[in-house]
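No value in this document is a laboratory result; all are computed from the given coordinates. This is a predicted model, so every value here is computed, not measured. Note that each Cβ is placed from the backbone with ideal geometry, even for glycine, and that neighbours are counted across all protein chains shown.
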Amino acid sequence: MYPESPRTSLLFPFVALLCLWGVANAQTSSLRVAPFDVDATPPVGSALPYSSTTAIVQPLRCRGLVLLSDEAPVVLCAVDWLGIGNDGNRIFRERLAAAAKTTPDRVAVHTLHQHDAPWCDFSADTLAKSHGATGIIFDSSVANQVIARAADAIEAALKRPYAISQIGLGQAKVEQVGSNRRVLGADGKVAAVRWTATKDPAVRAAPEGVIDPWLRSIRFYEGDTPIAVLTYYATHPQSYYGKGEVNPDFPGIARDTRQSETGNLHVHFNGAAGNIGAGKYNDGSPENRTILAQRMADAMKRSIVEEKRFKVSGSELHWKTQELRLPPTQRMDREQLMSIISDPNKTAKERIYAATQWVWLTRCAEGDPIVASCLKLGPARVLHLPGELFIEYQLAAAEMLPGEFVATAAYGDYAPCYIGTAIAYEQGGYETEARSSLVSPECEAVLIETIQKLLGVEAKSIAPLGAVAAKREVEYARSQQAQPEAMPK
């Protein structure tokens, strides 16, 4: 053994200190965010679900954050479109994942579900075109352009990420916006659908019903400087639509108002709003769009004012995924749908809608899952779920972790369309019709189990969703039978 030199002995304490610093630094590695924001507006003449684009009232956005931590990057993206489903959602996630140098299962792509906005489903579009049904609903060339812009923006943003030292978690009640769309009668069945624009005063007068009134926010700080904010609130976003006048409607207007006021990127996600809309407070008058937007913007502002701040590091971000295989509807089959798709005597819209259903049923038959996920960031948890979920799923998730911050982003993979509770399929109503919901009542048990796993809570059976509320609504309806003029028609 060689003798130890004085110089070597002096190095040992220094090396030891470096090692200790390295361990401490690894344990407190920084959380970084890279915001991105690109235009998602279709050109005039481009296809939309309810018409072609006739005018651009206000541009649409594709916004999000790349979260950099001890784990592989996570991408959160919200788009001002009606829906992104099947291969549309898969390819969107793959392209953003490649730009962020991560894997597609660590990318969540959601829409806000505005109706004067595009719908993206490459699978259905390709199938319909192969049978000669073209020209309406989808414009895949526009969708590919937006995906490319978003990927380029992510690559650019990653060159200058912000170091985040703390987050602010807030919530505020949204007043006079959300109401349940499904108004039950004395027989327990849906007596009226309270559409997002409801002119019948008797239907508007019915109670709000089951909603989640809370808007939740997560704000990211570099030191004490706010950088970006994520907000979550569950409601159908339409005030009025159908003329092809592209706009982000009242949630998008509220979001953009707040971004202009604060100077921070504002990314908004729609919650489990399948059975929620503004119908109680909206008769479809154009001026109501501004009123609803002001109410949303006010809640967004109050959630920030009332937020609580928490220090965070890169080691406090965790991403969990679950493969979700929802039981498909039994009310249609692929052979029947293919006969519609291939029938030149059917309208193009009928054939394209049949294509969206055929693609979904084929995915189910082949065992191709939807990826559901949960972001855990310090004390906050955010669920990323598919389709037009009913609000009861969001409320159930919050009840699984009482007193904690749990937000829900729905309208991820749009393929299954409406996802009701088990009892909802017995009650009737538009949302659970064969044309609207491509899953079966058994989806409730599958979803609840998936949410429990994502949140890391003990798996246990819970009461059927919506049963207690349904009983309460039936009692109300019966109490109104003595006043026929007050009942929905």
**Request:** Using a Förster distance of 30 angstrom, determine the FRET efficiency expected from the C-beta separation of T347 and D200, and round it to 0.05.
**Result:** 0.55
**Asked** Once the Cα gyration tensor of segment 85-183 is diagonalised, what are the square roots of 5 times its eigenvalues, in whole Å and ordered largest first, as equivalent ellipsoid semi-axes?
**Response** 29, 25, 11
**Request:** Work from the charge dipole of segment 101-218 (Cβ charges, +1 for Lys and Arg, -1 for Asp and Glu, about the Cα centre) and give the residue of F138, Q171, L184 farthest towards its positive end.
**Result:** Q171
**Item:** Pairs beyond 19 Å (Cα-Cα), from K129/K349; K189/K349; K159/K376
**Value:** K189/K349; K159/K376
**Message:** Whole angstrom only: what separates the Cα centroid of segment 62-92 from the Cα centroid of segment 348-402?
**Reply:** 14
**Asked** Quick one: helix 391-400 against the long Cα principal axis of the chain, what's the angle to the nearest 10°, folded into 0 to 90?
**Response** 40
**Item:** Projected label distance in nm at E449 and Y476, using a 7 Å step from Cα toward the beta-carbon
**Value:** 3.4
**Asked** Which length gain, in nm to one decimal place, applies between A72 and K189 when the Cα-Cα distance is subtracted from 0.36 nm times their residue separation?
**Response** 37.3 nm
**Fill in**
For segment 146-233, listing GluC sites (Glu not before Pro) in a DSSP loop whose Cβ sees at most 16 other Cβ atoms within 10 Å gives E175, E208
**Request:** Return the distance in nm (one decimal) between the two label points of a simple spin-label model at E404 and Q336, each offset 7 Å from Cα along Cα→Cβ.
**Result:** 4.3
**Request:** Give K199/K471; K173/K199; K243/K346; K301/K460 a once-over and call out the pairs whose C-alpha atoms are over 28 Å from each other.
**Result:** K301/K460
**Item:** Label zone at S52 (point 7 Å along Cα-to-Cβ), backbone N below 16 Å, segment 239-282
**Value:** 243-246
**Prompt:** Which is farthest toward the positive dipole end of the chain among V439, A197, V406, measuring Cα position about the Cα centre, with Cβ charges +1 (Lys, Arg) and -1 (Asp, Glu)?
**Reply:** V406
